[in-house]
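Just so you know, all these numbers are worked out from the coordinates, no wet-lab data involved. The shown structure was predicted, so the numbers you read here are calculated from the model rather than taken from an experiment. Positions of Cβ are backbone-derived with ideal geometry, glycine not excepted, and every protein chain shown enters the neighbour counts.
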């Protein structure tokens, strides 16, 4: 089944403890992206990647890192999480060329 | 940066009625897409309309685009309780890189 898989689904952590949210797609998509969704603010793009080893900042990149060493994986790294990063995070992928996005089911992160 | 803005923020209708949601945006676009989100789950792509198209249909969905007014509308005909969800428009306005910018969404409730 074609899908974008994020893990974990839920994560509760403490301020400053490094964490990684994984994202994997099995559709051979070139484009991948991370979004965060907050009440009243909608979805905002954190980082995106046009292809392997090519990443770029979205609208809200501060406090996040990404890497794209393989086509299928695009992990989101929070080196020192803070409470304002408590949010619902979505990974998405597409064929590229302005094709529709396929979304994962989300990761709900709480930083205390 | 927020590009699309949906209107209304919330809409409640009876099953069988039509639901219309609007999206306005600020800058010129390559295409505009509509997505649906069920209660905290990942977004699902519904329909894509290119800047040189004026209307597009998919099943019970009808999307229009007016580039002179920088607006789009999504019409769901003969709504069902299962259509209850949040609906987002997303605009692709990047000249080079592919950056899809989402609005804040319209929350649709269809009452059986």
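Just a few scattered comments:
- Sorted by Cβ neighbour density within 10 Å, fewest at the top, the residues B:29, A:12: A:12, B:29
- Counting Cβ atoms of other protein chains within 10 Å of each residue's Cβ and taking the mean over peptide B:100-107 gives 5.
- Spin-label pair residue B:67-residue B:80: with each label point 7 Å from Cα along the Cα-Cβ axis, the two points sit 3.5 nm from one another.
- Cβ crowding within 10 Å ranks A:68, A:36, B:41 as B:41, A:68, A:36, fewest other Cβ atoms first.
- Annotation for residue A:13 and residue A:28: the two label points, set 7 Å from Cα along the Cα-Cβ direction, are 3.4 nm apart.
- DSSP finds beta bridges in the protein assembly as shown, and of those with both partners inside it, around 90 percent are antiparallel.
- Between the stretch B:4-47 and the stretch B:69-112, the alpha-carbon center distance in angstrom: 2
- Inter-label distance for residue B:18 and residue A:77, nm, one decimal - labels placed 7 Å from Cα along Cα-to-Cβ: 5.2
- Cβ crowding within 10 Å ranks B:44, A:4, B:110 as B:44, B:110, A:4, fewest other Cβ atoms first.
- Partner chain coverage, peptide A:34-40 - average Cβ within 10 angstrom: 2
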